[in-house]
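To start, the structure itself, in structure tokens.
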Amino acid sequence: MLDFHMTRLHELTVVIYALSVLLYFFDFLHHNRKANRIAFWLLAFVWVLQTFFLSYYMIKTGKFPVLTIFEGLYFYAWVLVTLSLGINRLLKVDFIVFFTNILGFIVIVIHTFAPFQYASHVIGKQLVSELLLIHITMAILSYGAFSLSFVFSLLYLIQYDLLKRKKWGTRLLRLADLSKLERTSYILVVIGVPMLMLSLILGLQWAFLKVPGMPWYDMKIIGSFILLAAYSIFLYLRIAKNLVGRQLALWNTASFLFVLINFFFFGQLSSFHFW
């Protein structure tokens with residue numbers, strides 16, 4: 001009975017999440033500050049419910065919820081909501097919550113209405129260790145940083161297009177200036193790259209200890225290193241070549257598309273990864 005009520009509460013969370021995104025979309029189109037405030041508090045309530053679900057799951061199972069793609073999706077959605085709310089309060093950038101949570105809502109819908117839960121048939125309880133938990137958690141947090149960086153780059157491209165076409169108006173004024181959007185996107189990549197690098201080091205160490213004979217040409221491993229290389233090139237272009245502006249934003253956008261490919265697709269081609 002408790003599980004039944006928890007399921008209904010989780011579905012209610014999705015509905016509230018949807019209302020929040022719709023109100024942010026209404027604000028984006030019509031510049032309605034009241035809708036923006038309501039949407040923010042609805043999203044804050046979603047965050048409270050998500051945090052409750054994560055805590056309940058950890059107490060019930062005695063493990064951190066990142067060991068399957070089903071668990072990882074939920075944690076990823078929670079990270080997106082947490083970061084977007086935090087950045088919105090600190091930086092006061094309009095539309096950042098809206099664009100970030102379109103992505104977050106897609107993730108949570110996939111998690112909620114997936115026809116089955118992905119379970120690992122290779123990794124048993126005897127292989128679960130703190131090393132593995134830290135590896136997965138840091139990887140998801142780095143994906144969260146890259147996701148927000150992508151949103152800021154997307155806002156940069158929108159602002160750039162509005163300015164180029166001389167579309168003056170309220171929407172242009174509410175978007176942050178180009179330099180602020182570009183710098184915040186860059187800082188998030190600076191945070192995400194070392195986290196991903198450390199995650200890969202810890203993951204390789206865990207695999208060396210726990211998965212003898214692991215194929216080093218595994219698609220997930222290759223994809224993760226390509227992803228690290230893509231964002232490292234972003235930093236190289238920004239720092240060494242002093243490249244800024246639209247080209248860098250486009251590179252960041254393309255790199256994020258590879259984040260999605262690596263997260264959702266390459267894990268399914270892996271011989272031992274499960275997300």
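Which loop chymotrypsin sites (Phe, Trp or Tyr not before Pro) in the stretch 1-95, with loop taken from DSSP, have no more than 10 other Cβ atoms within 10 angstrom of their Cβ? Don't skip to the end; give the middle numbers.
Numbers: sites: 4, 17, 24, 25, 26, 28, 40, 41, 45, 47, 52, 53, 56, 57, 70, 74, 75, 76, 78, 95; in loops: 95.
Hits after loop and neighbour filter: nothing returned.
Solvent-accessible area per residue in the stretch 1-63 equals 61 Å², computed with a 1.4 angstrom probe and all protein chains kept. Among the protein heavy atoms, those of residue 11 account for about 70 Å² of accessible surface (1.4 Å probe, every chain in place). Put simply, when 31-37, 181-187, 223-229 are sorted by average Cβ atoms within 10 angstrom per residue, most first, you get 181-187, 223-229, 31-37. When each of the peptides 138-146, 61-69 is scored by how many other beta carbons lie within 10 Å of its residues on average, the order from highest to lowest is 138-146, 61-69. Each residue, residue 187 and residue 205, gets one label point 7 Å from its Cα in the Cβ direction; the gap between the two is 3.0 nm.
The values are calculated or read from the model by the stated rules, or taken from the named source; none is laboratory data. Remember, predicted model here, so these are calculated numbers, not experimental data. Methodologically, a virtual Cβ is constructed for each residue, glycine included, from the backbone with ideal geometry; neighbour enumeration extends over all protein chains shown. To get the accessible areas, we keep the full protein, side chains included, count just its heavy atoms, and leave off ligands, DNA and RNA. Shrake-Rupley method; radii C 1.70, N 1.55, O 1.52, S 1.80 Å.
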